[in-house]
Amino acid sequence: MPAPQLMVSALELALNKLLHLDPLSGHRLQPLAGKRLRIQVRELPWPLTFAFSDQVDLLLDEDTEVDCSMSLSLSTLKDMQDVSQIGQLIQQQRLSLHGDMHTAQSFSNLLKELDIDWEEQLSCYVGDVLAHQTLQFFRSARIDTRQRLERLRQMLSDGALQEKKLAAHPLALEDFSEQVSQLRGDAARFEARLTQLEQIKAGK
Amino acid sequence: MSEPNSDRPQEISPAGPQQVGEEQTHFGFKTVEKARKASMVADVFHSVAGKYDLMNDLLSMGVHRLWKRFTIDCSGVRPGQRVLDLAGGTGDLAAKFSRLVGPTGQVVLADINEAMLKVGRDKLRDKGILVNMDYVQANAESLPFPDNHFDLITIAFGLRNVTDKEKALASMFRVLKPGGRLLVLEFSKPQIELLSKAYDLYSFHVLPKIGQLVVGDGESYQYLAESIRMHPDQETLKTMMSEAGFEQITYHNMTGGIVALHRGFKF
Ligand SMILES: C[S@@+](CC[C@H](N)C(=O)[O-])C[C@H]1O[C@@H](n2cnc3c(N)ncnc32)[C@H](O)[C@@H]1O
């Protein structure tokens, strides 16, 4: 903790911002609503779980059931943007896929119009073994002296230094973007509020 | 809005906690009549409700978002499930749960404090979250829900404020479905002496000052610091959960144990 959560929070923010900018993304999200997709990027120590609604929520959980799971390398993620490539990627064994093919296709379709630079988003965390160790939550481990020292070192850097330095950037960004999106006062929000008011009025 | 600290008792023991009798409980370091704690806690949150989110970011330097994220990662929540976000305050967790359970699921945001609940409701409505959210003013000690009702209960930074924690845990156990899980996110005991000292310094000296500066209410944040120190440590809370009937209880320290996430199941 919380480096993996930090990465996922930054990625989730970037994805949703891109989705927001694309007026047609709502349309492409629709077939995915309520679906879960788990992607194991080979260079990353933990799988990413995408939960779709009218936006994308990213989870770091390995246990819950998903509709579809994929395993691929970072460079292949880019090729996922082309639906027609999926079959070929599987044949070439660059992509392994289990579960609902439609979910994978809809996801690919969603990515198509998004110009997301996965490598940039993820690469600084790749091979972050330390982060991986800290993610071993709820796994009881026998702690010998060496591990104890390692944990101490880790906690110190986690708690005292690394966290704050890392935390400032994406979180400040998140705050800022929240403010921006609030200012934008986009139609969807307004509409939702209006619907609510109408419902209240109708209910009375 | 009421004057935040008008009916606070005189400080009895500035140096730290003390023994309490049957009818008394802790309010920070102060010992007060049990019956009065709830209303005093209410005062604290009443006085900070409007700026609560801002203060959270300031005081934890944004890290509280990551603690909450981790909590959600450990929730195992699925579409169609029923979730109770207890002491849910301004609805940080509830917003995400609402999307994760989808339109076939349900999220109940419950809090004892009307002002906090209202801030939460406005915030979630502004985000367009409507369909599967319910708002209930309730005391964690006597939850107004049927037995075996929820798949998941979360209580983030809330248990600390509850007068009778045993009663609250029992009440949560009752309304949880068999197979369901409880997640308690709460300040805990830093695992390293040095960090513990630094943290004390921060929470007793820096925190109330920021509180004074931003919300104009240092005393509420003094309460926060004291209540954190009085809260049971990791192992004690684990035992309390076990006594309430929860099983397979584990906890995970974050940020060196400043915060811990406890997880338990009902079977
Ligand atoms: C520190 S806030 C946490 C809010 C939110 N869960 C979060 O993490 O940001 C604590 C909340 O607990 C609520 N609370 C205190 N005592 C309670 C009780 N007995 N039953 C239910 N809620 C309570 C307060 O009103 C307040 O909103």
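Derivation of every value follows stated rules applied to the coordinates shown; laboratory data play no part. Every value quoted in this text rests on a predicted model; they were computed, and no experiment measured them. Positions of Cβ are backbone-derived with ideal geometry, glycine not excepted, and every protein chain shown enters the neighbour counts.
Annotation note: trypsin sites (Lys or Arg not before Pro) in region A:1-77 located in DSSP loop regions with a Cβ neighbour count of at most 15 within 10 Å are A:Arg42. For region A:1-77, the square roots a ≥ b ≥ c of the C-alpha gyration tensor eigenvalues yield an a/c of 1.5 or more together with a/b exceeding b/c, which makes the shape prolate. A protection proxy built from the mean count of other Cβ atoms within 10 Å ranks the segments B:180-187, B:209-216, most packed first, as B:180-187, B:209-216. Taking chymotrypsin sites (Phe, Trp or Tyr not before Pro) across region B:92-167, none is in a DSSP loop with at most 10 further Cβ atoms lying within 10 angstrom of its Cβ.
Multiplying the residue separation of B:His205 and B:Arg36 by 0.36 nm and subtracting their alpha-carbon distance yields 58.2 nm.
You can think of it this way: the chain between A:Leu97 and A:Glu113 has 3.5 nm of extra reach, that is 0.36 nm per residue less the Cα-Cα gap. Quick one: which of B:Lys118/B:Lys238; A:Lys35/B:Lys167; B:Lys68/B:Lys165; B:Lys37/B:Lys127 span more than 29 angstrom between C-alpha atoms? Exceeds cut-off: B:Lys118/B:Lys238; A:Lys35/B:Lys167; B:Lys37/B:Lys127.
Taken residue by residue and averaged, Cβ atoms of other chains lying within 10 Å of the Cβ of B:78-86 number 2. Were the residues from B:Glu247 through B:Gln212 laid out at 0.36 nm apart, the gain over their Cα-Cα distance would be 8.4 nm.
Shape analysis of region B:194-262 places it in the prolate category; the axes a ≥ b ≥ c from the Cα gyration tensor give an a/c of at least 1.5, with a/b above b/c. In whole Å, what is the distance between the alpha-carbon centres of region A:1-51 and region B:171-232? Each part's Cα centre sits 31 Å from the other's. Take every pair of alpha-carbon atoms less than 8 Å apart whose residues are at least six positions apart; their mean separation over the length of region A:37-89 yields a relative contact order of 35 percent.
The convex hull of the Cα atoms of region B:72-203, projected and averaged over all directions, covers 9.0 nm². Dividing the mean sequence gap of close Cα pairs (under 8 Å, 6+ apart) by how many residues region A:1-73 holds gives a relative contact order of 31 percent.
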